[in-house]
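Novice: Have a look at this one before I ask anything.
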Amino acid sequence: MIIAIDGPAAAGKGTLAKRIATALNLPYLDTGILYRATAKRVLEAGQDPDDVQAALAAAQALGAEDLKRTDLRDAATSKAASQVASIPQVRQALLDFQRHFGNSHGAVLDGRDIGTIIFPHADVKLFVTASVEARAERRYKEFLAKGEAVGLAEVIADVHARDEADRTRAAAPLMMAMDAELIDTTSMDASTAFARALEVIRKKTSR
Ligand code: DC
């Protein structure tokens, strides 16, 4: 069973995907981590995230340890992740890993192109979104909780910029698959979104 969850940054995909994976006893893959870890390697080597060869080499060199890192969510890595994610060769290099992960035991995967490119025949496709303001406010609260000093206006601008980059890039842009179910979490709490997702999963499968 493959459950594909796509949507823009801070829409609640990760929280929802983890809950679904636990409930259905499926492995979970946050595919954003692959782009973040690639970006981190490039930055740490003092290279440019727009440099195709550097980014490709970093993607090809990823190992299990890279994916366990807990320092991949800062602003610089987020920006660089968006840059390396726009490089077709990087996306191609990460494709087999994602397919292999899902095909081994089934999985819940979240990202931007899971239902459109990675698993176009996924059993269930959810497109999780929310207004820019709602998503920026959630990110802002996460930063505050971690004690990071950022302004709300800055976070809104950052969410806008990443949306724009993810939606308009030529390679695998963020878009809703034709057969995905839309879940708008603007005024939904995590439990309501989870209940809605389970309804969709039950409707599409026998679980
Ligand atoms: O979901 P996230 O914020 O951790 O993703 C980090 C970056 O990687 C973001 O700019 C979008 C990109 N990404 C992607 O292009 N395709 C995916 N399947 C997952 C993430």
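Novice: Hey, can you tell me all the residues within region 104-115 that are of a type outside the set (A, V, I, L, M) and either within 12 Å of the ligand (Cβ to nearest atom) or under 21 Å from A161 (Cβ atoms) (or both)? Steps first, please.
Specialist: In the first step, residues of region 104-115 are kept if they are of a type outside the set (A, V, I, L, M); the result is 104-106, 110-113, 115.
Answer for region 104-115, where residues must be of a type outside the set (A, V, I, L, M) and either within 12 Å of the ligand (Cβ to nearest atom) or under 21 Å from A161 (Cβ atoms) (or both): D110, G111, R112, D113, G115.
Novice: Within region 176-199, count every residue that is free of Cβ contacts under 8 Å to residues at least 24 places away in the same chain, more than 15 Å from R138 (Cβ to Cβ) and assigned to a loop (DSSP other than H, G, I, E, B).
Specialist: 1
Novice: When you scan region 28-42, do you find a residue that is open to solvent by 20 Å² or more (accessible area, probe 1.4 Å), in a loop (DSSP other than H, G, I, E, B), within 11 Å of the ligand (Cβ to nearest atom) and free of Cβ contacts under 8 Å to residues at least 40 places away in the same chain, even just one?
Specialist: Checking region 28-42: not a single residue is open to solvent by 20 Å² or more (accessible area, probe 1.4 Å), in a loop (DSSP other than H, G, I, E, B), within 11 Å of the ligand (Cβ to nearest atom) and free of Cβ contacts under 8 Å to residues at least 40 places away in the same chain.
Novice: If you scan region 85-94, which residues turn out to be under 14 Å from the mean Cα position of the chain (by Cα) and assigned to a helix (DSSP H, G or I)? I'd like the intermediate steps shown before the answer.
Specialist: Quick first cut of region 85-94, residues under 14 Å from the mean Cα position of the chain (by Cα) only: 85-86, 91, 94.
Scanning region 85-94 gives R91, L94.
Novice: Go through region 76-103 and give me each residue that's within 13 Å of the ligand (Cβ to nearest atom) and either acidic (D, E) or open to solvent by 70 Å² or more (accessible area, probe 1.4 Å) (or both).
Specialist: K79, P88, Q92, F97, R99
Novice: Collect the residues in region 159-174 that are farther than 19 Å from A76 by Cα and either loosely packed, with under 13 Cβ neighbours inside 10 Å or more than 10 Å from the ligand (Cβ to nearest atom) (or both), keeping them in residue-number order.
Specialist: Passing the criteria: R167, T168, A170.
Novice: Next up: Taking region 1-18 as the search range and keeping residues that are part of a helix (DSSP H, G or I) and crowded, with 19+ Cβ neighbours inside 10 Å, which one is nearest to the ligand (Cβ to nearest atom)?
Specialist: K13
Novice: Within region 56-69, is there a residue that is among the polar types (S, T, N, Q) and either within 13 Å of the ligand (Cβ to nearest atom) or closer than 30 Å to A149 by Cβ (or both)? Talk me through it step by step, then tell me what you get.
Specialist: Of all residues in region 56-69, those among the polar types (S, T, N, Q) come to 60.
In the following step, the residues that additionally are either within 13 Å of the ligand (Cβ to nearest atom) or closer than 30 Å to A149 by Cβ (or both) were identified as none.
Within region 56-69, none of the residues are among the polar types (S, T, N, Q) and either within 13 Å of the ligand (Cβ to nearest atom) or closer than 30 Å to A149 by Cβ (or both).
The values are calculated or read from the model by the stated rules, or taken from the named source; none is laboratory data. Because the structure is a prediction, the values reported are computed rather than measured. Reconstructed Cβ throughout: ideal geometry from the backbone, glycine too, with neighbour counts over all protein chains shown. Quick note on the areas: whole protein, heavy atoms, side chains included, nothing else; ligands and nucleic acids left out. Shrake-Rupley method; radii C 1.70, N 1.55, O 1.52, S 1.80 Å.
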